[in-house]
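Structure record follows, encoded as structure tokens.
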Amino acid sequence: MKCPFCGHEEDKVVDSRGSGDGASIRRRRECLGCGKRFTTYEHVEEQPLMVVKKDGRREPFDRHKLLAGLVKACEKRPVSMDDLERLVDELERELSQHFEREVPSREVGERVMKKLHALDPVAYVRFASVYREFKDVEQFMRELKDLLAQKAR
């Protein structure tokens, strides 16, 4: 670490403190050349999780895009924004634990639907109808029948 005052390359750490959220460390340093003190911050370098689309394209995981889709699926349903944000937080945590750099979009969609099914069955059907791109009414009806059969259990 070069001293910002004199450019000397040696220093000693006088004090270290973690941030409240644990995402960074603040270090107070003293230059061994000029004796002046300065502060540095260390942050974990995060690599964005890439989503591999059906056609092979890759794009960064976008929690805002996912949240927007969930809000639309939950329109006029008794689901709070806190519930949806919690769902997306859980999903992000799961994906980062199970996938290092890339995750298939199919995996993201299936996990979202599973979580949404537990949260609100109507919102689940709305989301599934867009995600699964039902080709006809019969395919949509099969999904509804499966949902009703699961509910009856």
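Find all pairs meeting these conditions: Cβ atoms under 7 angstrom apart; at least six residues apart or on different chains; first residue within the stretch 69-87 and assigned to a loop (DSSP other than H, G, I, E, B); second residue not β-branched (V, I, T).
That search, which allows pairs on different chains as well, returns C74/L84; C74/D120; C74/A123; R77/D120; R77/A123; V79/L119; V79/D120; V79/A123.
Filtering the stretch 119-153 down to residues that are touching a residue at least 24 places away in the same chain (Cβ under 8 Å) and β-branched (V, I, T), which residue is surrounded by the most Cβ atoms within 10 Å (Cβ to Cβ)?
Checking each candidate, the answer is V122.
Restricting the search to the stretch 11-27, which residues are over 32 Å from the mean Cα position of the chain (by Cα) and surrounded by 11 or more Cβ atoms within 10 Å (Cβ to Cβ)? Explain how you work it out, then say what you get.
Of the residues in the stretch 11-27, the ones over 32 Å from the mean Cα position of the chain (by Cα) are 11-15.
Residues satisfying the conditions are D11, V13, V14, D15.
Tally time: how many residues in the stretch 58-87 are under 15 Å from P48 (Cβ atoms) and surrounded by 14 or more Cβ atoms within 10 Å (Cβ to Cβ)?
Residues of the stretch 58-87 that are under 15 Å from P48 (Cβ atoms), as a first pass: 58-66.
Among the residues that remain, those that are also surrounded by 14 or more Cβ atoms within 10 Å (Cβ to Cβ) are: 61, 66.
Qualifying residue count, the stretch 58-87: 2.
Restricting the search to the stretch 97-118, which residues are surrounded by 14 or more Cβ atoms within 10 Å (Cβ to Cβ), farther than 14 Å from G69 by Cβ and out of contact with any strand residue (DSSP E or B) (no Cβ under 7 Å at 6 or more places or on another chain)? So that I can check it myself, show each step before the final result.
So in the stretch 97-118, the residues surrounded by 14 or more Cβ atoms within 10 Å (Cβ to Cβ) come out as 99, 103, 105, 107-109, 111-113, 115-117.
Checking the rest, the ones that are also farther than 14 Å from G69 by Cβ come to 99, 103, 107, 117.
F99, E107, H117, listed by residue number.
The numbers here are math on the coordinates, done by the rules we state, and not lab data. Note that the coordinates shown come from a computational prediction; the quantities given were computed from them, not determined experimentally. Cβ: placed from backbone, ideal geometry, glycine included. Neighbour counts: every protein chain shown.
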